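Read-outs throughout are calculated quantities, based only on the coordinates presented, and are distinct from any laboratory measurement. Remember, predicted model here, so these are calculated numbers, not experimental data. Don't worry about glycine lacking a Cβ; one is built from the backbone with ideal geometry, like all the others, and counts go over all protein chains shown.
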Amino acid sequence: MCAIASKMRDRSKGHTVSFSPKVFLPLTQLCRDFCGYCAYRQTPRQVRQPYMSPEEVLETARVGENLGCKEALFVLGERPEERYFEARHWLRDRGYESSIEYLCQMCALVIRETSLYPHSNPGTLTYRELQALKEVNASLGLMLENTSLRLCGPRGPHEWAPSKHPHKRMETLRLAGELKIPFTTGVLVGIGETAAELVESFEAIRNLQEEYGHIQEVIVQNFRPKPDTPMEHAVEATEAETLRTVAVARIILGDKMNIQVPPNLFATGNSRSYRVFLNAGINDLGGISPATIDYVNPEAPWPRIAFLKEEMKALGYELRPRFPVYPEYLFKESGYLCTTLRNRLIADADKEGYVRQ
Ligand code: SF4
């Protein structure tokens, strides 16, 4: 399967492997939901304030900008204002009705004040919220995780996370398709799913892509057990299982799909096994930050970009920085990006749509 998958990747992507130089902005770590594996989620008592202030957003964005980043990755828990009065009050005191409204303003601030391009992951979204976010984001993201309803059942990892109900997530992905928003999604491997459920999840993503054409990238992310979470003793997927999943993803999703494995999740100790995923058909290493930690997997540092470049070269691949929107969508005329962002991106890109070096 790996041989087939890697041939498929070579046919469409050649020997280019991309990554997005990014800065990570955890706009809020509060969340309405409880996922069994999540260590990103915090309670109001654990945080200094419910949301990053505009000053903090700008300060962090500028650090990234100075280090050559292009993506401002905004990550949020799911609608914390629905659970915590601290979040509600913080927003209302500043004139915002919701986290999404505040997020829109922060994306606009970053666009206005820096050369970065926002990519937001704020959870499930309504049609109107997607419409508003499209104006101030180069692309948006929502992990499908898995289409399995079983995982939302008793003792499943998503039992207490209504936003992880696959129908809700598929609905956000579908609405984003209607609105022509370049979209990143993916699966989480090792949270109790079966191999058949992974296949079904990739098929669901492929069907969306066939209908709307807006899925720019699929992430195959392996679950890692975190201390002090309900799943801290769960057994994570082995490298071989993840390798098989990546190959299956490429075979189901086809030559053209951009498939990513985050390199920091496979770079523990001396092991840099992310390299093996090239053999299973990946063509992207995702967002890598020279400025901030991975707040979702804080124990896993990103490899240095210069080092990755050398490694890829030794394996016969060229590592190229991309924007949070893939080149395919940058040059599409049919309304995938708002005009202002598109013009700015095109001015910033080389003729193939990668970051001009
Ligand atoms: S994974 Fe996302 S939705 Fe689930 S608890 Fe963590 S922040 Fe909330």
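What to note about this one:
- The range 15-59: proportion of alpha-carbon pairs further apart than 16 angstrom, %: 55
- Span-like helix ranges in the chain, DSSP H, alpha carbon extent 15 angstrom or more, Kyte mean at least 1.6: none
- Proxy reagent accessibility, fewest Cβ within 10 Å first, across K70, K134, K7: K7, K134, K70
- The mean sequence distance of close C-alpha pairs (under 8 Å, at least 6 residues apart), as a share of the length of the chain, puts its relative contact order at 24 percent.
- For the range 180-205 versus the range 46-117, the inter-centroid distance based on Cα atoms is 28 Å.
- Pair-distance distribution P(r) for the range 1-125, from all Cα-Cα distances in 5 Å bins starting at 0: 2, 10, 18, 18, 15, 12, 9, 6, 5, 4, 1, 0 percent.
- Pairs of lysines in the chain whose Cα atoms sit within less than 13 Å of one another amount to 5, provided the residues are eight or more positions apart or on different chains.
- By the count of other C-beta atoms within 10 Å, a proxy for reagent exposure, Y37, Y84 are ordered fewest to most as Y84, Y37.
- Kirkwood-based Rg to Rh ratio, the chain, C-alpha trace: 0.93
- In this rough spin-label picture, where each label sits 7 Å from Cα along the Cβ direction, the E178-D10 distance is 4.3 nm.
- Compactness of the range 251-332 as Cα Rg over 2.2 N^0.38 Å, two decimals: 1.14
- Ranked M52, M257, criterion: other C-beta atoms within 10 Å, fewest first: M52, M257
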